[in-house]
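Notes follow the structure.
The values are calculated or read from the model by the stated rules, or taken from the named source; none is laboratory data. Worth saying up front: this structure is predicted, and the values here are computed from it rather than measured. Reconstructed Cβ throughout: ideal geometry from the backbone, glycine too, with neighbour counts over all protein chains shown.
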Amino acid sequence: MKMHQLMSCGSVALLGLVVASCTANIHDNTVTIPNATVNFKTDADLNNVVPEQTIPLALTVQNVYLVDPAATPPAAHVADAGHFQIYLDDVNTPPILVTADVNVTVKIPAPTPAGKHKLICRVHHHDGTPTETKVEVDITVKVTVGTPDAGVTTTSDAAILAG
C-alpha cells in the first residue's frame, strides 16, 4: 500500500513539473507557451482577394518548437511544442489550415462572401489546445460574377443581389 501511495505521489510530482513549465487560462481554454510570438508575411494583394484564391504565407514563430499536429514532440519540448491553425474570421470555426510548416498556402473557401474578413494564425500546443499566441490580418474579398449570356464579368465588394 505504501509503495502505491509513493508511486502516486511521484506521478503527481512529475505532472507538476510538466505543468509548471506552461500556464493555462481555464476560462478561455487556452494554454501559454512562454514568450511565444507568431507573425506572417505575404506578397498577395490582401485588398483584392477572391474566393478559392490561394494566398502564400511565410510564417515566423519564436519560442515554439514546431511539430506536426499528428506527431509526438521530443520529451525536452513537450512544454513548448506546437503547430499553427489558420482561420478565416473566427477561431471558433474549423480552421482552413492546420500545419507545422512555415511556408504555406491558404485557400480562401468558395462560399466566402464579399467584404471585409480576417485571416487569423494561432499557435496551438502539440496536443491541439489553443494558445493565446496569434496574429490577425485584414483582407477584402471581392466576388467575381459572370453573366453567361452577355459574357460580362464584374467585380464587387458589396453583397450580390439575387435577381
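Summary table
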item	result
Residue within the range 82-91 that is modelled with pLDDT of 95 or more, farther than 18 Å from Ala36 by Cβ and part of a strand (DSSP E or B) present	yes
Residue list for the range 97-118, filter: surrounded by fewer than 17 Cβ atoms within 10 Å (Cβ to Cβ) and either of a type in the set (A, V, I, L, M, F, W, C) or on the phi > 0 side of the Ramachandran plot (or both)	Val98, Val102, Ala110, Gly115
Flag for Ile96 being without any contact (Cβ under 8 Å) to a residue 24 or more places away in the chain and under 12 Å from the mean Cα position of the chain (by Cα)	yes
Residues being assigned to a loop (DSSP other than H, G, I, E, B), within 22 Å of His83 (Cα to Cα), touching a strand residue (DSSP E or B) at 6+ places or on another chain (Cβ under 8 Å) and without any contact (Cβ under 8 Å) to a residue 60 or more places away in the chain - total across the range 108-148	3
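Every residue, every condition in (1) modelled with pLDDT of 50 or more; (2) out of contact with any His (no Cβ under 7 Å at 6 or more places or on another chain); (3) surrounded by 10 or more Cβ atoms within 10 Å (Cβ to Cβ), yes or no:
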| position | (1), (2), (3) |
| --- | --- |
| Asp127 | yes, yes, yes |
| Thr131 | yes, no, yes |
| Glu136 | yes, yes, yes |
| Ile139 | yes, no, yes |
| Thr144 | yes, yes, yes |
| Pro148 | no, yes, no |
| Thr155 | no, yes, yes |
| Gly163 | no, yes, no |
